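Below: the structure, in structure tokens.
The values are calculated or read from the model by the stated rules, or taken from the named source; none is laboratory data. Note that the coordinates shown come from a computational prediction; the quantities given were computed from them, not determined experimentally. Using ideal geometry, Cβ is built from the backbone for each residue, glycine included, and neighbour counts are taken over all protein chains shown.
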Amino acid sequence: MLYERLAQAYEEIESTSGSLEKTKLFSELLNESNPEEIGYIIALTIGRLHPDWMELPELGIAEKVAIQVVSSAGSVSESSVIEVLRFTGDIGLTAESLLKGRGQMSLFPEEVSVIDVFNTLDDVSNASGSGSSREKISKLVGLIANTTPIEAKFILRTITGTLRLGLGSMGILDALSLAFLGNRESRSDIEKAFNVCSDLSQVAVILASEGIEAIRSIKAVVGTPIRMMAAKKLSNSTEILEKAGGTALVEYKYDGERVQVHKNGDKVTLFSRRQEVITYQYPDVVEYVQNFVKADICILEGECIAVDPETGRIRPFQELMRRRRKTGIEAMQEEVPVIVRFFDILHLDGRDVSNEPMLKRRELLESVIETSEKIAPTIGEVTNDPDRLDEIFAASLETGHEGVIAKAVHNESTYQAGSRSWLWIKLKASYKEGLTDSVDLVVVGAMYGRGKRTGVYGTILASAYDPVNDTFPTVCKIGTGFTDEALNEFKERLEGFQLEKMNPKVQSDVKADVWFEPIVVIEVLGDEITVSPVHHAGRGVIEDGGLAIRFPRFTGRWRDDKDPTQATTVSDLVDLFNNQTIRSQDT
């Protein structure tokens, strides 16, 4: 397939408003592709050449470098590129505009295929060392020399991470089902395969070349991360047990970093919630697993928890985040020691056990861990009594933990990779304080402070994530909950992500003084969720507008363990809003 055809499809998808129509257009494009190239098409469309867990270099071309590429490719000055960019706010449109008037750049132009573009971008991402910047620019200019302006537009958007099609991973899964099965009936099977192998390109290739039965046979593999299961949130013990089916395993909720541990003999690999390899951060945890996990081959999930080296008491999550570094690991290991508490097992000695009920998995988990002070299963108890659940919750808080997670134990209580399910329900201290919920939001903008906040950001604009359209619709402005230290930290953390204009993936009617790449995730509390004529989250689902969080405040917790696509979703907010409405009607 020629890249020009892919660019034309991108143009159509971008100009189409409805998500169903976008999906249909992309499915038609996939129908034209052959199995050998479909993985490349998917990778370019999601803007990731390789999954994070493969630890291969990615693009991440800065706008400054992109400006140099357009300047060289169009034989215009960088100042001219910057001037057009200020008007368009889009490096892709800028490239398209400036390159329309150029002469033929290549003496012997060649038609560029999708695979050609992928391979060139892969070469660019792998360039390193002295002179690598010049090499990257040279390769990109050479590629663009053989393209049309519309192709150049989407290549520039791809390398800067601003493709802005409004087509996220969930929409691509729908398109794959339509393209190769003719309907959406088996779409859930495709999503399950993606959740297990964590590689959308691989799933697409297998579906296109081998069909749906091959997709259904995809199983967990030790060494490849499984997309983690998440929990819903409620504030009432009786309601929690009802949702769980009457009886639940109630476990302490630890204030740590969730980790998925893959053990194959002596080789131990740790994956974060973001599916990044974090083995280097926790050499102590690797040693614990090697010494105290009796299974030869397994996949476990648990929490790494920081402890005070003097008292052994649990330290907060932000202290643990000091372990997120690539140098000085040994010193930090002494300063912030950790323990591990495991709560699930997904694979055991060559057998996928994720489809076993919760209590069976718990039994298997306990059988493979030699409990010690450093490593153990989570504290947990099975109960069908709301009063006992509240007692466990209180005991959890008294011992310095966050709360509890209640897990269904019936025959259908399997591990549902990649989903947020009522099989797991969180109850935290914040939910008991009369507050609606805590949510994880993406910082997309800010307003300058006044008075004593002069020189820092006084108000933060935050968004939820819409996985269907791959966008970040706003949900609140946060102006409270900031200590002086937090205000300074916001400035330090966000400066590297500052933009001249709103990111095209952000949906906002609120005008910010400063816009940011949607990268940084924070935890926010609020009194309730209300209908808003200003904010975009939930528009089209909720009557009379979108959803807003009333009286939002920053908890002080930076969710460095989450990428922006793992923030609270629009559908999560809609669920919270609907549940809140039901509770108010019952009172």
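Values as computed for the structure displayed
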read-out: Exclusive hit being of a type outside the set (V, I, T), crowded, with 21+ Cβ neighbours inside 10 Å and modelled with pLDDT under 95, set A406, A462, A446; value: A446
read-out: Looking only at region 509-538, and only at residues there that are among the charged types (D, E, K, R) and over 22 Å from the mean Cα position of the chain (by Cα), the one that is surrounded by the most Cβ atoms within 10 Å (Cβ to Cβ); value: E528
read-out: Residue under evaluation D470, criteria (1) of a type outside the set (G, A, S); (2) within 29 Å of G18 (Cβ to Cβ); (3) touching a helix residue (DSSP H, G or I) at 6+ places or on another chain (Cβ under 6 Å), criterion not met; value: (3)
read-out: Residues of region 313-322 satisfying the condition of being within 21 Å of E373 (Cα to Cα) and in contact (Cβ under 8 Å) with a residue 60 or more places away in the chain; value: R313, I314, P316, F317, L320
read-out: Top-ranked residue in region 110-142 [being farther than 15 Å from M1 by Cβ and of a type in the set (A, V, I, L, M); ranked as farthest from the chain's Cα centre (by Cα)]; value: V141
read-out: Verdict on T371 being outside any helix (DSSP H, G or I), over 28 Å from T569 (Cα atoms), of a type in the set (S, T, Y) and out of contact with any helix residue (DSSP H, G or I) (no Cβ under 6 Å at 6 or more places or on another chain); value: yes
read-out: Residue in region 397-404 that is outside any loop (DSSP other than H, G, I, E, B), under 30 Å from D466 (Cα atoms) and assigned by TED's automatic domain parsing to the domain that holds R315 present; value: yes
read-out: Residues of region 194-224 satisfying the condition of being in a helix (DSSP H, G or I) and farther than 23 Å from E32 by Cα; value: N195, V196, C197, R216
read-out: Those residues of region 322-367 which are assigned to a helix (DSSP H, G or I), under 28 Å from the mean Cα position of the chain (by Cα) and surrounded by fewer than 20 Cβ atoms within 10 Å (Cβ to Cβ), in sequence order; value: R322, I329, M332, Q333
read-out: Residue in region 30-42 that is of a type in the set (D, E, K, R) and touching a strand residue (DSSP E or B) at 6+ places or on another chain (Cβ under 8 Å) present; value: yes
read-out: Any hit, region 272-279, residues being among the polar types (S, T, N, Q), surrounded by 19 or more Cβ atoms within 10 Å (Cβ to Cβ) and touching a Leu at 6+ places or on another chain (Cβ under 6 Å); value: no
read-out: Residue within region 542-560 that is assigned to a loop (DSSP other than H, G, I, E, B), surrounded by fewer than 21 Cβ atoms within 10 Å (Cβ to Cβ) and of a type in the set (A, V, I, L, M) present; value: no
read-out: Residues of region 309-321 that turn out to be charged (D, E, K, R) and surrounded by 13 or more Cβ atoms within 10 Å (Cβ to Cβ), as a count; value: 2
read-out: Strands (runs of 3 or more DSSP E) contained entirely in region 244-288, each with at least 1 residues that are touching an Asp or Glu at 6+ places or on another chain (Cβ under 8 Å); value: 248-253, 257-264
read-out: Test: residue in region 171-185 that is outside any strand (DSSP E or B), modelled with pLDDT of 95 or more and of a type in the set (S, T, Y); value: yes
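Listed here are the residues, each with its yes/no results for (1) more than 13 Å from D174 (Cβ to Cβ); (2) buried (at least 19 other Cβ atoms within 10 Å of the Cβ).
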{"position": "E4", "(1), (2)": "yes, no"}
{"position": "G18", "(1), (2)": "no, no"}
{"position": "E21", "(1), (2)": "no, no"}
{"position": "E32", "(1), (2)": "yes, no"}
{"position": "P35", "(1), (2)": "yes, no"}
{"position": "G39", "(1), (2)": "yes, yes"}
{"position": "L49", "(1), (2)": "yes, yes"}
